[in-house]
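Visitor: I have a structure I would like to understand better, so I am pasting it below and will then ask my questions one at a time.
A short reminder: the numbers here are calculations on the coordinates, not readings from a lab. Everything numeric in this text was worked out from a predicted model, so none of it was measured. Don't worry about glycine lacking a Cβ; one is built from the backbone with ideal geometry, like all the others, and counts go over all protein chains shown.
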Amino acid sequence: MQRNPGPDSPIGIFDSGVGGLTVVRAVREALPHERIIYFGDTARVPYGPKSQVTIRRYAEDDTWVLMRHQPKMVIVACNTVSALALDVVAHCADPLPVEGVLEAGAALAVERTRNRRIGVIGTQATVCSNAYPSAINRLDQGVEVFSRACPLLVPLAEEGMVEHEATRLIAKEYLLPLVDEGIDTLVLGCTHYPILRSVIEETVGSAVAIIDSAEAVAMRAAEKLGRTGMLSGRRETAPPHLMVSDLPQKFGSLYRIFMDSEMPDVELVEASAS
Ligand code: DGL
């Protein structure tokens with residue numbers, strides 16, 4: 001496999017499903033001239049309720065799908081993989097730079113909090129891994145972290161139930177206990193959650209700052225590519241090259257809703273280590 005990417009090579013991004021599109025959107029905003037290849041492992045979503053062994057195997061497969069396209073950087077647009085398998089991705093992608101959403105989200109939360117009480121919501125696997133509290137406390141030991149797994153939010157996002165009453169009800173159930181803890185900052189520790197951002201904001205109220213790890217990782221990627229002279233010199237913008245492991249049509253429709261753009265071509269690929 002060729003491993004000599006240049007500035008005009010694409011940025012590879014992956015997630016279990018549509019959640020990573022929130023990262024694609026943020027990267028496109030930060031770096032409009034970059035080519036993006038995106039893989040959503042829609043055949044195996046959700047990752048959050050699965051074991052560490054399984055998530056690590058999926059992470060390896062996902063990275064190989066991107067590596068076939070010779071990217072210059074890999075962005076793990078999945079907090080679950082960032083929490084449990086970032087080393088697997090780094091190993092497969094070596095020597096390419098790898099950015100995970102988790103460290104970026106944790107750093108931004110520490111920067112924003114005023115009362116040092118941070119709420120974190122994520123998948124079961126992310127919350128059980130304790131990766132967010134560890135990352136936050138590595139930056140500031142005095143911060144108190146209140147975590148909550150929100151497993152029902154991923155299927156609601158995958159179904160596009162963005163403004164639905166059921167989403168409001170479930171958001172209240174998950175989020176109000178965190179508000180009662182007096183948090184002033186809430187980390188959306190799963191890339192599917194920004195899709196439901198308006199309901200989440202409405203539930204926690206305007207006194208709580210929302211941290212979108214997608215925006216945070218896009219800023220980091222831009223900074224790293226700039227620092228290493230790997231920013232694209234292109235002037236045109238192109239739609240991302242989208243790949244999924246199942247149901248490309250459904251993915252295309254969700255893409256149109258979330259990205260507010262034309263329905264793109266979506267390629268069906270097999271996710272397996274090569
Ligand atoms: N969007 C992913 C995350 O950030 C995974 C959600 C899932 O597949 O359970 O954790």
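Visitor: How large is the helix-only mean residue ellipticity at 222 nm for the chain, computed as the sum of -39500 (n - 2.57) over DSSP H runs with n ≥ 4, divided by its residue count, in deg cm²/dmol to the nearest 500?
Guide: Numbers: 11 runs with 125 residues, N = 274.
It lands at -14000 deg cm²/dmol.
Visitor: Near the amide H of residue 76, under 5 Å away, which other amide H atoms are found, from residues 5 or more places off or on another chain, if H is placed in the peptide plane?
Guide: For residue 76, the qualifying residues are 99, 100, 101.
Visitor: How large is log10 of I(q)/I(0) for segment 16-87 at q = 0.11, 0.22 Å⁻¹ when the intensity is taken from the Debye formula with one equal scatterer per alpha-carbon?
Guide: For segment 16-87 at q = 0.11, 0.22 Å⁻¹, log10 I(q)/I(0) is -0.26, -1.01.
Visitor: Give the range of the longest stretch in the chain that excludes all GluC sites (Glu not before Pro) found in loop regions by DSSP and having at most 16 other beta-carbon atoms within 10 Å.
Guide: Values: sites that count: 159, 163, 181, 236, 262, 270.
Excluding the exposed sites themselves, the longest stretch runs over 1-158.
Visitor: For segment 114-213, what is the per residue volume of the convex hull drawn over the alpha-carbon atoms, in cubic angstrom? Display every interim value, and only then the final one.
Guide: Numbers: hull volume 8.3 nm³, N = 100.
About 83 Å³ per residue, rounded to a whole number.
Visitor: Could you tell me what fraction of 2.2 N^0.38 Å the Cα radius of gyration of segment 110-152 comes to, as a two-decimal ratio?
Guide: Values: Rg = 10.4 Å, N = 43, 2.2 N^0.38 = 9.2 Å.
Here the answer is 1.14, to two decimals.
Visitor: Show me the trypsin sites (Lys or Arg not before Pro) within segment 1-103 that DSSP assigns to loop and that have at most 15 other Cβ atoms within 10 Å of their Cβ. All intermediate terms of the calculation are to be shown ahead of the outcome.
Guide: On the way: sites: 3, 25, 28, 35, 44, 50, 56, 57, 68, 72; in loops: 3, 35, 44, 50, 68, 72.
Taking segment 1-103 and a limit of 15 other Cβ atoms within 10 Å, the loop trypsin sites (Lys or Arg not before Pro) found are 3, 68.
Visitor: Further question on the same structure: Considering lysine pairs in the chain that are 8 or more places apart or on different chains, how many have Cα atoms under 30 Å apart?
Guide: Numbers: 50/72; 50/172; 50/250; 72/224; 72/250; 172/250.
The number of close lysine pairs in the chain is 6.
Visitor: Additional query: So what are the chain's ellipsoid semi-axes, whole angstrom, largest first, if each one is the square root of 5 times an eigenvalue of the alpha-carbon gyration tensor? Intermediate results must be reported in sequence, preceding the final value.
Guide: Numbers: eigenvalues 160, 85, 63 Å².
The answer is 28, 21, 18 Å, longest axis first.
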